[in-house]
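First the structure, in the form of structure tokens, and then the observations on it.
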Amino acid sequence: MNTTLAKVKLIEVIKEFPLRRGETEAVRAVNRVSMEIYDGEFFAMLGPSGCGKTTTLRLIAGFEQPSSGQILIDQQPMQGIPAFQRPVNTVFQDYALFPHMSVLQNVMFGLEMAKVPRKEAESRAREALALVRLPNAMNRKPRELSGGQQQRVALARALVKRPSVLLLDEPLGALDLKLRREMQQELKTMQAELGITFVFVTHDQEEALTMANRIAVMNAGEVLQIGTPHQIYETPSTRFVADFIGETNFLDGQLIAIQDRVGRVQLDSETTVEATLGSDQPTIGQKVTVAIRPEKVALHAQPELVGAGGVAVAETGLIGRVESAQYLGTDSRYTVKIGQNTPISVRVQNTGEMTPLSSGDTVQVSWDTRHARILLH
Amino acid sequence: MATLTQTPTFTPDSRSLQGSLLIRRIGKAILWITPVFSYLFLWAPILLLILFSFNAGRGTFAWRGFTTQWYSNIFSGTLGAEARFSTELMLNALSNSLIVGVTSTLIATVIGTMVAISMTRGKFPGKRILDGLLFLPVVIPEITQGVSLAIFFRVIFEFIESITGARILPGVGTIIIGHVVFNVAFVAIIVRARMSNMNPRLEEAAGDLGATPWQTFYRVTLPLIMPGVIAGALLAFTLSLDDFVVTFFNKGVGSDTLPIFVYGMLKTSVTPEVNALSTLMLIFSTVLVGFSLFLQNRKD
């Protein structure tokens, strides 16, 4: 992966769709989106449906023209360049295989358009079909194939053109779970082997986390955060990102003190917690949210230790009451009420070191302040 | 499920059950009788026509035995005992019908397909209104269409004459234009239906793979809407062959089509040859429309 050169670059891209009847404001599907996608990278655009991720992909592919802003592919501005002249290929969500052509004709189509000699085109198409492990379906029509096989044909049809960038629009969305897991692995391997830049649109956070080198989390037409799966998961920049990816506790309160990027947040009249400041710059007195993942919260069944001669169990120590307990095998899930009335969910691995808690137990709740983040409300 | 049916929760009164069964039977009978009589009513005149085209008796509607003489009369050129049927005139009318049919169908198919494509894929102001207007030629009375076209041609021809001095008379050309007018709408509606079932991603996919808009059209769009185009063309051809009203108002001397010719013969009397000719036209039209419907309903 070459991080010095942006393979695809979006600068302040806006896409507005014209007013339709009954709408008072033009719909801004993509709002000031800027991003750099590096050469050889597996880049995911993640967000709920309607967040603008597919529109962004279509802008890169050239099916839509941006209302303003710039798109560069291989450092070349794409302004006014139609889809058929762009060095990118797309795998569509519904595959969009040509129903009147055989599998081989589908895969050869792009090469024919590029005026590749017939013999070479055919051998390259066969190669591509072998690559997606579908070498025996060449003379069949797309409708005779299963969803998974159609997906492979769509992939072969795009890859055979040896694109600079491969765009994938929720390509695994129509597959069942097992097949999807398999294809995730295969796509990842294929991408690593071919070294082609993949831009992958998905609404499945798990898919994005397992496959991508970097993820852009989008909502309401805007990019909220771009980072590695680790960064996105561990240090979400906004409440939306923290909420959308994985499970998170949100503790609302007021910021009362800041010291060395660690803030103290008052949840109620007698409870305060500590957490690290995020990229937002809240001021003292402001309403904020503390975000903490369930698995980052530690529970200790020895409440007497707290305050007993300053035993430092953790940087934050609170007393809580177990409201409910669920045993899930590898781990246990608890809902613990802290302070006056703040429930937080906690996930504890069943390592065998701690006796399982049951509801009604009093526990000490703690976390490393590095894992808790203060986000704007 | 099996255990459920084994334990009925109530026992219905057997008399009321029989009563409702009787009502159901009558209902079923009515459901059967209604279409049978309706279709009989619809088809009886045509069946009669076909029957009498094989009737050996001439001039009377009483059955006098089976014959195919009238069919051979049509093509033999002999005028029969009473010289009322001219094969020469009929062939002339047939050739006019075919010229008008083929020409207007070709023109209407090309224009109608273009209209259908721009109505499905295009984005322009007033599209909704134009879309609604597309159905206009289908719903306006044919007599209105025929008369308005006749007036239109007269105005145009007089204008041309006033400028160039050249006198243009209605004929096959005006009939063709008249037929194109209504056929464009039919072709466009059928092709549009086919096209709106087509996934727009397919065209994007073609572009994505490097096809120019023109290549996309003839490699992807056209093959996929082809059944619709052919179905539309067949229907247009049938409508053109069958058309009487528009043709009648816009024909000139010597440009009679087959329906006009048949009408002309009926003015004197119903000859058995007319029966035979009408039967042939019916069979031809039915085959064309049937094929058109087959193509419209065919899946990819």
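The figures follow:
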read-out	value
Alpha carbon convex hull of region A:250-376, volume per residue in cubic angstrom	106 Å³
FRET efficiency, 1/(1 + (r/R0)^6) with R0 35 Å, evaluated for residue A:268 and residue A:350 via beta carbons	0.65
Proximal aspartates and glutamates to residue B:123, defined as alpha-carbon separation beneath 14 angstrom and excluding residues fewer than eight positions away on the same chain	A:64, B:131
Segment residue A:65-residue A:100, extension gain: residue separation times 0.36 nm, minus the distance between their alpha carbons	9.7 nm
Fewest-first ranking of A:53, A:188, using other Cβ atoms within 10 Å as the exposure measure	A:188, A:53
Local electrostatic count, residue B:105, Cβ distance below 14 Å [Lys/Arg +1, Asp/Glu -1]	-2
Sorted by Cβ density within 10 Å, fewest first, the residues A:12, A:25, A:122	A:25, A:12, A:122
Value of D in µm² per second that Stokes-Einstein yields for region A:119-186, Kirkwood Rh from Cα pairs, at 37 °C (0.692 mPa s)	259 µm²/s
Fraction of the pair-distance distribution of the protein assembly as shown above 43 Å, Cα-Cα pairs, percent	54 percent
Other protein chain Cβ atoms within 10 Å, averaged over every residue that makes up A:236-245	0
For residue A:207, net neighbour charge (Lys/Arg +1, Asp/Glu -1) across residues whose Cβ lies under 12 Å away	0
Filter on A:188/A:296; A:9/A:53; A:15/A:161; A:141/A:161 - keep pairs with C-alpha separation over 18 Å	A:188/A:296; A:15/A:161; A:141/A:161
Residue B:166/residue B:91 FRET efficiency (R0 41 Å; Cβ-Cβ; nearest 0.05)	0.85
Cα principal axis extents for region A:328-371, largest first, Å	30, 29, 15
Label point distance in nm, residue A:11-residue A:133, each placed 7 Å from Cα along Cα→Cβ	4.3 nm
Relative packing of B:131-140, B:281-290, A:329-338, which averages over residues the other C-beta atoms within 10 Å, highest first	A:329-338, B:281-290, B:131-140
R0 of 51 Å, Cβ-Cβ distance residue A:231-residue B:222: FRET efficiency to nearest 0.05	0.55
Centroid-to-centroid separation of region A:104-175 and region A:195-213 [C-alpha atoms, Å]	21 Å
Segment residue A:280-residue A:371, length gained on full extension (0.36 nm per residue, minus Cα span)	31.2 nm
Debye intensity ratio I(q)/I(0), log10, region A:157-222, q values 0.18, 0.23, 0.25 Å⁻¹ (C-alpha model)	-0.71, -1.11, -1.27
Most positive-pole-ward Cα, A:77, A:219, A:34, against dipole of the protein assembly as shown from beta carbon charges	A:77
P(r) tail fraction, region B:89-297 - alpha-carbon pairs more than 31 Å apart, %	30 percent
Projected-area mean, region A:2-242, by convex hull of Cα positions, square nanometres	14.2 nm²
Helix runs (DSSP H) in chain B reaching 27 Å along axis by Cα, Kyte-Doolittle at least -1.0	B:14-52, B:87-121, B:142-164, B:172-196, B:222-242, B:272-297
√(5λ) per eigenvalue of the Cα gyration tensor, region B:152-229, largest first, Å	41, 16, 9
For residue A:322, net neighbour charge (Lys/Arg +1, Asp/Glu -1) across residues whose Cβ lies under 14 Å away	+2
Cut-off under 5 Å, modelled amide H: who pairs with residue A:323 long-range	A:335, A:336, A:337, A:360
Per-residue mean of C-beta atoms belonging to partner chains within 10 Å, peptide A:85-93	3
Per-residue average of Cβ from other chains inside 10 Å of B:216-225	2
Simple label model, 7 Å out from Cα along Cβ direction - residue B:68 to residue B:158, nm	5.4 nm
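Rule-based calculations on the coordinates, nothing more; no lab input. None of the values given here were measured: they were computed from a predicted structure. Cβ: placed from backbone, ideal geometry, glycine included. Neighbour counts: every protein chain shown.
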